[in-house]
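Here the structure comes first, spelled out in structure tokens, and everything after it is commentary.
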Amino acid sequence: MTTPRTILVTGGNRGIGFAIATEFLALGHRVAVTARSGEGPAGSLTVRADVTDAGSIDAAFTAVEAEYGPVEVVVANAGMTRDMLMMRMTDDDFTSVIDTNLSGAFRVVKRASKGMLKARFGRIILVSSVVGLLGSAGQVNYSASKSGLVGLARSVTRELGARGITANVVAPGFIETDMTAELPEAQQADYKKSIPAGRFATAAEVAKVIVWLASDDAGYISGAVIPVDGGLGMGH
Ligand code: NDP
């Protein structure tokens, strides 16, 4: 058993974020999700927020705090891709991905840390990707944004670690979501050959690791990068 907490998951209306919210709900936590569109799973509180806008993040946290009290666990999951070989990538392709995936996580973590410092308790979990440390042709923007999350979590650990707050990174490999379902079957088969586990993961397999990192049992883990990638990124 773990203590029931107030959880906020960004981008909880679909994909991995929806699965994360679902797992927390199943354990009896108070779960809020941010969404620009759509809704989180039944039983969660959906608040509108765009992670590129600090004002909308502040408003979302304020709404969650009014309903459930201070956020004790934050999962910065919202993310986007805009893939393109570097020579053809525009400044806007690069900065918009950084602004959502890395600066967005910074804004969310900064806002969350206010309440966590007061409570002297907090769990910060950043959703990165195997390509953050492995690199990926056509994804210099995405890969840079995802490796930046490691420096973010580790610096937050150094700043806030003595206040009962942990900050960790979860780095998923290929996950069965809308994104991977769109890949041609031949390409999916090729990717699967390069994954020691020989398959993609379900979103629930990522979610269960995140739920554990937020649990009472994981209180001494901070600044870690936890791969959930079937062995794809081994050695990083
Ligand atoms: P989806 O594309 O299915 O969902 C992305 C989520 O992020 C949506 O909820 C989306 O909201 C939200 N989002 C995007 N931009 C913003 C923004 N500016 N403000 C607020 N919310 C935003 O992605 P996945 O579920 O596949 O991925 C979730 C996370 O996991 C991402 O960070 C991704 O990089 C990472 N990841 C995914 C992998 C995979 O194989 N799928 C592998 C490794 C990492 P909306 O619906 O409104 O657009």
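The values are calculated or read from the model by the stated rules, or taken from the named source; none is laboratory data. Worth saying up front: this structure is predicted, and the values here are computed from it rather than measured. Glycine gets a Cβ as well: all are built from the backbone with ideal geometry, and neighbour counts include every protein chain shown.
Restricting attention to the stretch 48-61, does a residue exist that is more than 8 Å from the ligand (Cβ to nearest atom), of a type outside the set (Gly, Ala, Ser), crowded, with 22+ Cβ neighbours inside 10 Å and assigned to a loop (DSSP other than H, G, I, E, B)? Within the stretch 48-61, none of the residues are more than 8 Å from the ligand (Cβ to nearest atom), of a type outside the set (Gly, Ala, Ser), crowded, with 22+ Cβ neighbours inside 10 Å and assigned to a loop (DSSP other than H, G, I, E, B).
Could you list, in sequence order, the residues of the stretch 1-15 that are within 12 Å of the ligand (Cβ to nearest atom) and assigned to a loop (DSSP other than H, G, I, E, B)? 11, 12, 13, 14, listed by residue number. Scanning the stretch 72-83 for residues that are within 16 Å of the ligand (Cβ to nearest atom) and in a loop (DSSP other than H, G, I, E, B) yields a count of 7.
With the requirement that a residue be of a type outside the set (A, V, I, L, M, F, W, C) and in a loop (DSSP other than H, G, I, E, B), what does the stretch 30-47 give you?
Going residue by residue through the stretch 30-47, those that are of a type outside the set (A, V, I, L, M, F, W, C) are 30, 34, 36-41, 43-44, 46.
Selection gives 36, 37, 38, 39, 40, 41, 43, 44.
Taking first residues from the stretch 111-129 that are over 12 Å from residue 74 (Cα atoms) and partners that are part of a strand (DSSP E or B) and within 15 Å of the ligand (Cβ to nearest atom), the Cβ contacts under 9 Å between residues at least 6 apart in sequence or on separate chains come to 128/169; 128/170; 128/171; 128/172; 128/225; 129/171; 129/172.
In this structure, residue 105 qualifies as modelled with pLDDT of 95 or more, under 21 Å from residue 208 (Cα atoms) and either out of contact with any helix residue (DSSP H, G or I) (no Cβ under 8 Å at 6 or more places or on another chain) or part of a helix (DSSP H, G or I) (or both). Residue 8 satisfies every condition listed in (1) touching a residue at least 60 places away in the same chain (Cβ under 8 Å); (2) within 21 Å of residue 201 (Cβ to Cβ) except (2).
The rows are residues; the columns are (1) under 26 Å from residue 160 (Cα atoms); (2) buried (at least 17 other Cβ atoms within 10 Å of the Cβ).
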{"site": "68", "(1), (2)": "yes, yes"}
{"site": "72", "(1), (2)": "yes, yes"}
{"site": "75", "(1), (2)": "yes, yes"}
{"site": "78", "(1), (2)": "yes, yes"}
{"site": "88", "(1), (2)": "no, no"}
{"site": "111", "(1), (2)": "yes, yes"}
{"site": "128", "(1), (2)": "yes, yes"}
{"site": "131", "(1), (2)": "no, yes"}
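Being surrounded by 12 or more Cβ atoms within 10 Å (Cβ to Cβ) and farther than 18 Å from residue 15 by Cβ holds for only one residue in 227, 184, and it is 227. The number of residues in the stretch 130-143 being in contact with a helix residue (DSSP H, G or I) (Cβ under 7 Å, 6 or more places away or on another chain) and touching a residue at least 12 places away in the same chain (Cβ under 8 Å) comes to 8. Can residue 44 be described as surrounded by fewer than 21 Cβ atoms within 10 Å (Cβ to Cβ) and either under 14 Å from the mean Cα position of the chain (by Cα) or of a type outside the set (Lys, Arg) (or both)? Answer is no for this residue. How many residues does the stretch 187-200 contain that are among the basic types (Lys, Arg) and either closer than 22 Å to residue 82 by Cβ or surrounded by 10 or more Cβ atoms within 10 Å (Cβ to Cβ) (or both)? Number satisfying all stated conditions: 2. Being closer than 21 Å to residue 180 by Cβ, touching a residue at least 60 places away in the same chain (Cβ under 8 Å), within 15 Å of the ligand (Cβ to nearest atom) and not hydroxyl-bearing (Ser, Thr, Tyr) is the requirement here; does residue 38 meet it? No; evaluated as a whole, the condition is false for this residue. Taking (1) surrounded by 20 or more Cβ atoms within 10 Å (Cβ to Cβ); (2) out of contact with any helix residue (DSSP H, G or I) (no Cβ under 9 Å at 6 or more places or on another chain) in turn, residue 206 satisfies each apart from (2).
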